[in-house]
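The values are calculated or read from the model by the stated rules, or taken from the named source; none is laboratory data. Bear in mind the structure is a predicted one, so any value in this text is a computation, not a measurement. Here the Cβ positions follow ideal geometry from the backbone for every residue, glycine too, while neighbour counts run over all protein chains shown.
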Amino acid sequence: MAVDSSAFIVVPVEATVPVLWRAMRSIRTSLNITRIYWHPDEHVRDGCHFRLEVPVAQLHDPATARGRIQSILVDHGAALL
């Protein structure tokens, strides 16, 4: 089945803003992508709960990207939700 190129990989995460920024920089470099979207969590507004969105159209291998993104986030000190 083909991957929908208009879709996003969504990863909910808990992290401080500096940790989130460092992790997003590493994700962009590691996956060779230009954009990652991030939003504060709609349900928990404490400044530490976020939602990362990576456009599938930018990814060379969407099937393994979620695992790589999660691994990078954890390596930088973020907690997956």
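One table, with the values for the structure above:
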{"quantity": "Residue within region 47-56 that is free of Cβ contacts under 8 Å to residues at least 24 places away in the same chain, out of contact with any Lys or Arg (no Cβ under 9 Å at 6 or more places or on another chain) and not in a strand (DSSP E or B) present", "calculated": "no"}
{"quantity": "Enumeration of residues in region 12-43 that are out of contact with any Lys or Arg (no Cβ under 7 Å at 6 or more places or on another chain), in contact (Cβ under 8 Å) with a residue 40 or more places away in the chain and either acidic (Asp, Glu) or part of a strand (DSSP E or B) (or both)", "calculated": "Val13, Glu14"}
{"quantity": "Search result, residues across region 9-46 that are more than 13 Å from Ala78 (Cβ to Cβ), of a type in the set (Ser, Thr, Tyr) and surrounded by 13 or more Cβ atoms within 10 Å (Cβ to Cβ)", "calculated": "Ser30"}
{"quantity": "Region 62-79, residues that are in contact with a helix residue (DSSP H, G or I) (Cβ under 6 Å, 6 or more places away or on another chain) and not in a loop (DSSP other than H, G, I, E, B)", "calculated": "Pro62, Ile69, Ile72, Leu73"}
{"quantity": "Filtered residues of region 14-39 (kept if at pLDDT below 95 and charged (D, E, K, R))", "calculated": "Arg35"}
{"quantity": "Tally, over region 66-81, of residues that are surrounded by 13 or more Cβ atoms within 10 Å (Cβ to Cβ) and of a type in the set (D, E, K, R)", "calculated": "2"}
{"quantity": "Single residue of Val11, Val44 found to be within 9 Å of the chain's Cα centre (by Cα) and not aromatic (Phe, Trp, Tyr)", "calculated": "Val11"}
{"quantity": "Where Leu59 falls short, out of the listed (1) touching a helix residue (DSSP H, G or I) at 6+ places or on another chain (Cβ under 8 Å); (2) touching a residue at least 60 places away in the same chain (Cβ under 8 Å); (3) surrounded by 14 or more Cβ atoms within 10 Å (Cβ to Cβ)", "calculated": "(2)"}
